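Student: One structure, pasted below without further comment.
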Amino acid sequence: MIDSLHKRQSELANSNKQLEFLSNGIFKNGELTTFNNKIAETKQFPLKPKKLEILQINLGYMCNQVCEHCHVDAGPDRKEIMTKDTMLQCLKVIKNTQAHTLDLTGGAPEMNPHFKWFVEEATKIGIKDVIVRSNLTILRANKKYYSLPRFFKKHNIHVVSSMPHWTKGKTDKQRGSGVFDKSIKALQELNAIGYGMPNSHLKLDLVYNPSGAFLPGNQVALEKEFKKTLLEDFGIQFHNLFAITNLPISRFLDYLIASENYEDYMYALVEAYNPETVKNLMCTNTISVGWDGFLYDCDFNQMLELPVNSNLKHISEYNEETLQNRNIITSQHCYGCTAGAGSSCQGNLIPQ
């Protein structure tokens, strides 16, 4: 298991250093067009929000895994955890929001000591879709988490699970030794209680991230291969696969620099830029809430500490109407969401 940038005291643990790196070099000297200039070419700058559909809440950066591509730089050493007071402020907003989806993420959101309480309170409010983004291995980490699958079922939680590949080698390379076997066991447990089964209302989706400095393949084709192989080899079923592009920030940026793939990867992202994806970017229909209650246009901006461009920057002063009038903050990392068929927490932005 690798250490987080934070634990290593890496220069890139500082979000300003990441932004500085993304703004210099091939973008500063004009070899590549900055993202803002690129979307201006099609008169899409500045980006503006559409109707709010998703409230995404990060419950903390603590995680039982340290994955080499992680844009959160999550790990066991990260102590940033949302407090119950901040959760209460979030619940107040959830009661009044027009959003139909509550998306709980981390780190491993299940490691927040108030996780079950928060989920129970949130599901009472009537949000249409409550998502928990699980790394799967947390369900097998120790006995206190063994009850989570049935807890999810009781509250009709939509489980979105990380699964880098259908093979052990590629999965363990990206996420750590033993992750594949534990993930398979967790998926089988979820299937056993109805998750992911055909026609089941218990939604189980998987998330694929490339294991190297390349863009994801066709999402439809990947889903077919995942479904075929996991069913044949392990009897596992699931509903949808989301193929997500690795953004050049945090630990993936560190990997790109260390492997001398940064410039090639940025060229690949810019060359694959698709202007049709811009209108569907997740930052246009989502508000991201940090573990400390501060507001961001998306989860990636949260990790780069780029708060919303509004006088209202914290959940305690939340006003949906005011936030709808803001301009969305963008930078070079946004090329990751606009390459090819586009990328978001819900997978592709346009059909393939």
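Student: Looking only at residues in the range 193-210 that are touching a Lys or Arg at 6+ places or on another chain (Cβ under 8 Å) and surrounded by fewer than 19 Cβ atoms within 10 Å (Cβ to Cβ), which one is nearest to residue 268 (Cα to Cα)?
Tutor: The residue in question is 194.
Student: Quick check on residue 106: is it open to solvent by less than 60 Å² (accessible area, probe 1.4 Å) and touching a Gly at 6+ places or on another chain (Cβ under 7 Å)?
Tutor: So residue 106 passes the test.
Student: Shifting gears a bit: When you check residue 260 against the structure, is it more than 29 Å from residue 183 (Cβ to Cβ) and not in a helix (DSSP H, G or I), yes or no?
Tutor: It is true that residue 260 is more than 29 Å from residue 183 (Cβ to Cβ) and not in a helix (DSSP H, G or I).
Student: Then there's this: How many residues are under 21 Å from residue 305 (Cβ atoms) and out of contact with any Ser or Thr (no Cβ under 7 Å at 6 or more places or on another chain) when one looks only at the range 75-92? Working first, answer last.
Tutor: Kept after step one, since they are under 21 Å from residue 305 (Cβ atoms), are these residues of the range 75-92: 75, 77-83, 86, 89-90.
Right, trim to out of contact with any Ser or Thr (no Cβ under 7 Å at 6 or more places or on another chain) and you get 79-83, 86, 90.
Within the range 75-92, residues that are under 21 Å from residue 305 (Cβ atoms) and out of contact with any Ser or Thr (no Cβ under 7 Å at 6 or more places or on another chain) number 7.
Student: Follow-up. Would you call residue 292 farther than 22 Å from residue 37 by Cα, within 19 Å of the chain's Cα centre (by Cα) and surrounded by fewer than 19 Cβ atoms within 10 Å (Cβ to Cβ)?
Tutor: Answer is yes for this residue.
Student: Can you tell me which of (1) loosely packed, with under 14 Cβ neighbours inside 10 Å; (2) assigned to a loop (DSSP other than H, G, I, E, B) is the one residue 117 doesn't meet?
Tutor: (2)
Student: Among the listed residues 273, 255, 335, 265, which satisfies the condition of being closer than 23 Å to residue 215 by Cβ and open to solvent by 40 Å² or more (accessible area, probe 1.4 Å)?
Tutor: 255
Student: Sort out which residues of the range 71-100 are among the charged types (D, E, K, R) and either exposed (fewer than 15 other Cβ atoms within 10 Å of the Cβ) or assigned to a helix (DSSP H, G or I) (or both), and write them in order of number.
Tutor: Scanning the range 71-100 gives 79, 84, 85, 92, 95.
Student: How many residues are surrounded by 20 or more Cβ atoms within 10 Å (Cβ to Cβ), part of a loop (DSSP other than H, G, I, E, B) and in contact (Cβ under 8 Å) with a residue 24 or more places away in the chain when one looks only at the range 299-327?
Tutor: Final tally of qualifying residues: 2.
Student: So, in the range 155-192, how many residues would count as being open to solvent by 20 Å² or more (accessible area, probe 1.4 Å) and of a type in the set (A, V, I, L, M)?
Tutor: Qualifying residue count for the region: 1.
Student: I'd like to check which helices (runs of 4 or more DSSP H) are fully inside the range 124-224 and have at least 2 residues that are over 21 Å from residue 343 (Cβ atoms) and among the aliphatic types (A, V, I, L, M).
Tutor: Qualifying helices (runs of 4 or more DSSP H): 179-192.
Student: Residue 60 is checked against (1) closer than 22 Å to residue 346 by Cα; (2) open to solvent by 10 Å² or more (accessible area, probe 1.4 Å) and fails just one. What number does that condition carry?
Tutor: (2)
Student: Identify the residue in the range 1-47 that is assigned to a helix (DSSP H, G or I) and aliphatic (A, V, I, L, M) and, among all such residues, is surrounded by the most Cβ atoms within 10 Å (Cβ to Cβ).
Tutor: 22
The values are calculated or read from the model by the stated rules, or taken from the named source; none is laboratory data. It should be emphasised that the depicted structure is a prediction, and the values quoted were computed from it without experimental measurement. Heads up, the Cβs are rebuilt from the backbone with ideal geometry, glycines too, and the neighbour counts pull from every protein chain shown. Quick note on the areas: whole protein, heavy atoms, side chains included, nothing else; ligands and nucleic acids left out. Shrake-Rupley method; radii C 1.70, N 1.55, O 1.52, S 1.80 Å.
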